[in-house]
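Down below is the structure, laid out as structure tokens.
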Amino acid sequence: MKVLIEVHYIHYDTPSLQQGDFPVDSFEYEISPDRAAAVSAIIFIKELQRIHSGMQIRKVCYNSLDITDLVKSEIKRLDDEILNGPLDDVPF
């Protein structure tokens with residue numbers, strides 16, 4: 001199954017849009033469509049960041065549904081894990 005993902009971002013003060021059809025796991029999509037689309041969107045965004053370093057994400061949509069907050073929070077969590085290690089290993 002595929003979904004249309006749109007990433008609106010700013011790069012060097014220029015608003016830009018990249019979009020395309022991306023595959024999602026059909027089983028995961030039935031359980032949580034937003035989360036399944038967010039996984040594909042994050043992979044797409046990571047590819048864009050390699051080309052457009054320093055880009056600022058403004059909006060992320062799939063099939064015209066806004067998932068910006070979910071994607072941004074998941075990217076932040078992944079980046080924090082890269083810097084600090086998995087949160088499961090931190091003793092409280």
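The values are calculated or read from the model by the stated rules, or taken from the named source; none is laboratory data. Predicted model, so just to flag it, every value in this text is computed and none were measured. So basically every Cβ, Gly included, is an ideal-geometry build from the backbone, and we count neighbours across all protein chains shown.
Values computed for the structure shown
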{"item": "Qualifying residue in the range 16-31 (condition: surrounded by 12 or more Cβ atoms within 10 Å (Cβ to Cβ) and in contact with a Cys (Cβ under 9 Å, 6 or more places away or on another chain))", "result": "yes"}
{"item": "Hits in the range 1-36 - residues which are of a type in the set (A, V, I, L, M, F, W, C) and within 22 Å of ILE51 (Cβ to Cβ)", "result": "VAL3, LEU4, ILE5, VAL7, ILE10, LEU17, PHE22"}
{"item": "Residue within the range 4-22 that is under 13 Å from the mean Cα position of the chain (by Cα) and aromatic (Phe, Trp, Tyr) present", "result": "yes"}
{"item": "Any pair with Cβ under 8 angstrom, 6 or more apart, that starts in the range 61-76 at a residue that is free of Cβ contacts under 8 Å to residues at least 12 places away in the same chain and ends at one that is among the polar types (S, T, N, Q) and part of a strand (DSSP E or B)", "result": "none"}
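Residues checked against (1) at pLDDT 95 or above; (2) closer than 14 Å to ILE75 by Cβ:
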| residue | (1), (2) |
| --- | --- |
| MET1 | no, no |
| HIS8 | yes, no |
| TYR12 | no, no |
| PRO15 | yes, no |
| GLN19 | yes, no |
| ASP25 | no, no |
| GLN49 | no, yes |
| HIS52 | no, no |
| MET55 | no, yes |
